[in-house]
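Report on the structure given below.
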Amino acid sequence: NKCYSEQLLDGSEPLIAMGQDTTGHWWAVTSPFSRRYSMIIDGKKGIDADSLNLPKFSPMGDRHAYAMLRNGIWSIHVDDSIITLGAGRPGILTFSRNGVFAYSVIDGQSEVLHILKDDQTVSHILLNRVGDVHLSFDASNWAYVSKNATGFVMLLNEEEIGRYDECIIAGFMVDNAMIHAGKQGEIWRVFKNTENLLSAPYLQHAQVYLM
């Protein structure tokens, strides 16, 4: 085995942050001018902005997205395209296992999820979202947890499928079934959509994983 080194940046611009995704892609934020920032991903530099969020990569690493603020307006840089958010600000940015991109826009007290699939955009209203939005492999199904005055509500494709004191989403299986766990009283239950798979007394914390 041979070791080698490669210069990724020439140092002509101050380095603000850098990192490497689990898929092997590297990124860096530089400051070409005072209070201006640029995102560099695998050596390709984007346009400068007033503020940048950390990039998000798809599970296979073939796509990426990040939010940026430029001249007072938020936008999302996804691959080689820019989505302008107008008066809104970015919420979540996520990819499905197959690389379908989705993002949410927060405007005042409202939040809207946009799923970009097959050159079309499908939009859904999110209600008091807590945590991430989870997409099935092909993004035909989506789920998230909503917070209300009495606890947490599990929503699958805008349909309420459970109310809990605590709730954890593991994600979607290949067959588009969604796995989650919910605590009611002292009992944790694990569900496949609405099918109860198992129950266990509440001890300290529940963890649910998809292999």
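The values are calculated or read from the model by the stated rules, or taken from the named source; none is laboratory data. Values in this document were obtained by computation on a predicted structure and should not be read as measured data. For neighbour counting, all protein chains shown are included, and Cβ atoms are generated from backbone atoms with ideal geometry for every residue, glycine included. When the accessible area is computed, the model is the full protein with side chains, heavy atoms only, and any ligands, DNA or RNA have been set aside. Shrake-Rupley method; radii C 1.70, N 1.55, O 1.52, S 1.80 Å.
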Practice item. Could you figure out which of (1) within 30 Å of Tyr37 (Cα to Cα); (2) surrounded by 16 or more Cβ atoms within 10 Å (Cβ to Cβ) isn't true of Ser81? Key: (2)
Exercise for review: Kindly indicate whether any position in the range 37-52 is buried (at least 16 other Cβ atoms within 10 Å of the Cβ) and part of a loop (DSSP other than H, G, I, E, B).
Suggested key: yes
Study note, to complete from the structure: Per the list (1) in contact (Cβ under 8 Å) with a residue 24 or more places away in the chain; (2) open to solvent by 30 Å² or more (accessible area, probe 1.4 Å), residue check on Ile76 breaks on (2)
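Looking at the range 53-63, which of its residues are open to solvent by 40 Å² or more (accessible area, probe 1.4 Å) and out of contact with any Leu (no Cβ under 7 Å at 6 or more places or on another chain)?
Asn53, Leu54, Pro59, Met60, Asp62, Arg63
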Check your understanding: Can you name the residue in the range 95-126 that is among the polar types (S, T, N, Q) and open to solvent by less than 20 Å² (accessible area, probe 1.4 Å) and, of all such residues, is farthest from Ile41 (Cα to Cα)?
Key -> Ser104
Review point. Under 18 Å from the mean Cα position of the chain (by Cα), surrounded by 18 or more Cβ atoms within 10 Å (Cβ to Cβ) and not in a strand (DSSP E or B) - does that describe any residue in the range 144-164?
Key: no
Review point. Is it the case that some residue within the range 126-134 is touching a Gly at 6+ places or on another chain (Cβ under 8 Å), modelled with pLDDT of 95 or more and either in a loop (DSSP other than H, G, I, E, B) or under 30 Å from Arg35 (Cβ atoms) (or both)?
Key: no
